[in-house]
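Accompanying notes for the structure given below.
Nothing in this text is a laboratory measurement; each read-out follows from the coordinates by a stated rule. The shown structure was predicted, so the numbers you read here are calculated from the model rather than taken from an experiment. Quick reminder, even Gly has a Cβ in these numbers, built from the backbone with ideal geometry, and neighbours come from all protein chains shown.
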Amino acid sequence: MTQALFTFFASYYTFVAILYTTMILWRQRDGLSRVHPGEQFSSHWWNHMTFRLFRIVIWLTTVAIAISPQLSVYYGPLTTPPRVGLSIFGIVLMVTGLALALVSNYTLASHWRSGVDNHAPAMLVQSGPYRISRNPGYIGVALGQCGFFIAYPSLFTLVCMIIGISALYRQVLFEEDHLRQRFQETFNQYVRKTPRFVSLPYWRNR
């Protein structure tokens, strides 16, 4: 089970890396960049670089451990061996999160950007999953990170989950500030009718 889990992690993150790289290159065939980390050394830039580095570390680590399982001791496992039920649930979350992220990115189509683009097309997408959440793609990524930890509870996956979700939340704040300035009342109306993440009363507009 453990070896199969390590192989799944490596396959999953390799697939994600190839998929997003291909998607970015495909969408940039019109000559317009889709990746905008912000001004160098700005808060937005540091957050973008942190998330990028952390995803690279996850990918390299999972591939290395799939090849040499004995390296998993450096994960700092919290349960040995991992519980089958939790591992399956974690895998389901990872796959579900990826599916949600892909549907969200597909909905954005040519409007998809990584980071804040001050010259993006002037349209606020409110259709598909964006009718029920302002950040469905980020929810999908967060589910994937939670699933990674649940599937294989360890110090490494815990740190990855904390860093990943923290970076996502900060990115949401950067993007919402940009959208508020760009779309003004249109965005304010969107905020009033659509929750940032999920429709729990307390978290609705936080």
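Shape summary of region 141-199, radius of gyration then Dmax from alpha carbon positions: 15.1, 45 Å.
Against the chain, whose longest principal axis is taken from its Cα atoms, helix 43-67 shows a tilt of about 30°. Set Lys and Arg Cβ to +1 and Asp and Glu Cβ to -1, take the dipole of the chain about its Cα centre, and tell me which of LEU53, TYR130, SER166 lies farthest positive. The residue sitting farthest along the positive end of the dipole is TYR130. Kindly express, to the nearest 10 degrees and within the range 0 to 90, the angle between helix 2-27's C-alpha long axis and the longest C-alpha principal axis of the chain. Around 30 degrees separate the two axes.
Helix-only estimate, please: 222 nm mean residue ellipticity of the chain, summing -39500 (n - 2.57) across DSSP H runs of length 4 or more and dividing by its residues, to the nearest 500. Let's see the in-between values first.
On the way: 6 runs with 130 residues, N = 206.
Taking each H run of at least 4 residues, the total per residue is -22000 deg cm²/dmol.
As a rough guide to protection, the peptides 151-159, 35-43 ranked by mean Cβ packing within 10 Å, highest first, stand as 151-159, 35-43. Between rounded, prolate and oblate, where does region 1-64 land on the alpha carbon gyration tensor, with a ≥ b ≥ c its root eigenvalues, rounded for a/c under 1.5, else prolate if a/b exceeds b/c? Oblate is the answer for region 1-64, as a/c is 1.5 or above yet b/c matches or exceeds a/b.
Note: relative contact order over the chain, using C-alpha pairs below 8 Å and six or more positions apart, is 25 percent. For Cα Rg over 2.2 N^0.38 Å, the candidate list reads (1) 0.99; (2) 1.16; (3) 1.08; the entry that matches the value derived from this model is (3).
Each of ALA142, VAL95, THR194 was scored by the projection of its Cα onto the charge dipole of the chain, and the greatest displacement toward the positive side belongs to THR194; charges sit on the C-beta of Lys, Arg, Asp and Glu.
Helix 136-151 versus the longest principal axis of the chain: what angle, 0 to 90°, nearest 10, using Cα atoms? The helix 136-151 is inclined about 10 degrees to the chain. Annotation: amide H-H contacts under 5 Å for SER114 (H modelled 1.01 Å from N, sequence separation of 5 or more, or interchain): VAL35, HIS36. First measure r as the distance between the Cβ atoms of THR14 and GLU185, then evaluate 1/(1 + (r/R0)^6) with R0 = 35 Å and state the FRET efficiency to the nearest 0.05. Rounded to the nearest 0.05, the efficiency is 0.20.
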